[in-house]
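Visitor: Got a structure for you, written out below as structure tokens; questions coming shortly.
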Amino acid sequence: MSNALAPRLIDPFARAITYLRVSVTDRCDFRCVYCMSENMTFLPKKELLTLEELDRMCSTFIGLGVEKLRITGGEPLVRRGIMTFFDAMSRHLDSGALKELTVTTNGSQLDRFATDLYAAGVRRINVSLDTLDAAKFERVTRWGKLDKVLSGIDAARKAGLRVKINTVALKGFNEDELFSLTDWCAREDMDLTFIEVMPMGDLGNEDRVGQYWALDDLRAQLATQFTLTDLTERTGGPARYIRLEETGQKIGLITPLTHNFCESCNRVRMTCTGELYMCLGQEDNASLRDILRASPEDDAPLIAAIEAAILRKPKGHDFDYSRQKADGQVSRHMSHTGG
Ligand code: SAM
Ligand code: SF4
């Protein structure tokens, strides 16, 4: 690799930042109980980065060595004109600077956009789905329709996209679907990752701690029916992987509340207003939007602000559920930082 391509964003703990997750909207067509309250107030439009500003921002990060870009939200595919942005990012895939362009979606718009996503160079997507029961789906998403998401997943696979299912593990809600979700993903050849619920935001009267289902317990339940092998592969993120020997399936377990992934963290997150969060579990952020807007012709101030922010990336975060109380809870919603 030539020096020109060496990562330029190195944090104080010698971690190269090569992965940017970008929230392109705070809006969503669902209201999942662990993510949003029913009556959300969304940001005025002028606060949001325009599609052109998102392009400039992401392109600057790519120029600084970011190789993987994940587009998220809110629901990224409800942002008007979002395919223009995906199309624009495909030039960085063509040049080789960007290795992967991907999206995390609730699946509701995939019927419309799967083919366009593939054409823009997206090859793998994450679809969030917590249950295969239509009534339960409506309960957890408040506004979602399971049929629409399943047909979206179908459209994605027909378009050639590899689909990974992300399921939030919720006590008393989808514990009873552990094996049906696992079987479904094995049959359909989709990877499956379970996510431990995180203490995010104030969602009114939802009891988040009560919903917490420890993935160690989920793992133990899987072990009653499958032989589990821990895989050593790491992605720089909070996922650990196990293989179910009987089916060969790989299952991901994301336990963001434990600290065991921070030392290999290679990622930062940007909100739809251009705030850069160096760590999912901490409040410190750098506001990049005004710097970008103040200097329309010259990227140097933006580059300097990004480099300075990366030097503030903390060693790790500070969640703690150990006393059945969400210490280290951060006040923003996942839909704000993009999950
Ligand atoms: N709307 C898209 C979706 O649902 O995939 C993208 C944004 S959503 C905020 C990204 C991911 O965050 C989803 O997989 C969702 O299940 C997860 N999520 C939201 N709130 C969460 C919470 N409190 N704890 C754990 N995961 C959460
Ligand atoms: Fe919307 Fe995704 Fe949050 Fe559900 S998890 S409310 S789909 S942003």
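The values are calculated or read from the model by the stated rules, or taken from the named source; none is laboratory data. Quick caveat, the model's predicted, so the values are computed rather than measured. Glycine gets a Cβ as well: all are built from the backbone with ideal geometry, and neighbour counts include every protein chain shown. We work out accessible area using only protein heavy atoms, side chains counted, and drop any ligands, DNA or RNA first. Shrake-Rupley method; radii C 1.70, N 1.55, O 1.52, S 1.80 Å.
Visitor: How about the chain: what cysteines have no other cysteine beta carbon under 4.7 Å from their own?
Guide: Among the cysteines of the chain, those whose Cβ sits 4.7 Å or more from every other are Cys28, Cys58, Cys185, Cys262, Cys265, Cys272, Cys279.
Visitor: Excluding Asp191 itself, what net charge comes from residues whose Cβ is under 12 Å from its Cβ, given Lys and Arg +1 and Asp and Glu -1?
Guide: +3
Visitor: If you don't mind, another one. Whole-Hz Karplus ³J(HN,Hα) for region 97-104, in order, using 6.51 cos²θ - 1.76 cosθ + 1.60 and θ = phi - 60°, x for Gly and Pro?
Guide: 5, 9, 8, 8, 10, 9, 9, 10
Visitor: Taking amide H positions as placed 1.01 Å from N in the peptide plane, with prolines and chain starts having none, which residues 5 or more places from Gln249, or on another chain, fall under 5 Å of its amide H?
Guide: Leu244
Visitor: Gap in Å between the Cα centre of region 99-159 and the Cα centre of region 259-293?
Guide: For region 259-293 versus region 99-159, the Cα centre distance is 26 Å.
Visitor: Taking amide H positions as placed in the peptide plane 1.01 Å from N, state which residues far from Leu231 in sequence (5 or more) or on other chains have amide H under 5 Å from it.
Guide: Tyr241, Ile242, Arg243
Visitor: Also, quick follow-up: Could you look at region 19-337 and say what percent of its accessible area is carbon and sulfur, using a 1.4 Å probe and all protein chains?
Guide: Using a 1.4 Å probe with all protein chains present, region 19-337 comes out at 50 percent carbon and sulfur.
Visitor: Can you list the HN-Hα couplings for region 264-279, worked out from phi with the Karplus curve (6.51, -1.76, 1.60; θ = phi - 60°), rounded to whole Hz and with x for Gly and Pro?
Guide: Those phi angles translate into 9, 5, 10, 10, 9, 10, 10, 7, 5, 9, x, 8, 9, 9, 7, 8 Hz.
Visitor: In whole Hz, with x marking every Gly and Pro, tabulate ³J(HN,Hα) for region 173-179 from phi via Karplus 6.51 cos²θ - 1.76 cosθ + 1.60, θ = phi - 60°.
Guide: 10, 10, 4, 6, 9, 3, 7
Visitor: Give me the percent of DSSP beta bridges within the chain that run antiparallel, rounded to the nearest 5.
Guide: So the antiparallel bridges amount to about 35 percent of the total.
Visitor: Turning to a different aspect of this structure: Over all pairs of distinct alpha carbons, what does the Kirkwood formula give as the hydrodynamic radius of the chain, in Å?
Guide: 20.6 Å
Visitor: Among the GluC sites (Glu not before Pro) within region 8-71, which fall in a DSSP loop and have no more than 14 other Cβ atoms within 10 Å of their own Cβ?
Guide: Of the GluC sites (Glu not before Pro), the ones in loops of region 8-71 whose Cβ has at most 14 other Cβ atoms within 10 Å are Glu38.
Visitor: I need to check one value: relative contact order of the chain, counting alpha carbon pairs closer than 8 Å and at least 6 residues apart, in percent.
Guide: Answer for the chain is 20 percent.
Visitor: Around Leu215, with a cut-off of 11 angstrom between Cβ atoms, what is the net charge of the other residues, counting Lys and Arg +1 and Asp and Glu -1?
Guide: Net local charge, Leu215 excluded: -1.
Visitor: What accessible area per residue comes out for the chain, rounded to a whole number of Å², with a 1.4 Å probe?
Guide: Accessible area per residue: 43 Å².
Visitor: Can you list residues whose amide H is under 5 Å from Ile165's amide H, if they're 5+ apart or on another chain and H is modeled 1.01 Å from N?
Guide: Val127, Asp191, Leu192, Thr193
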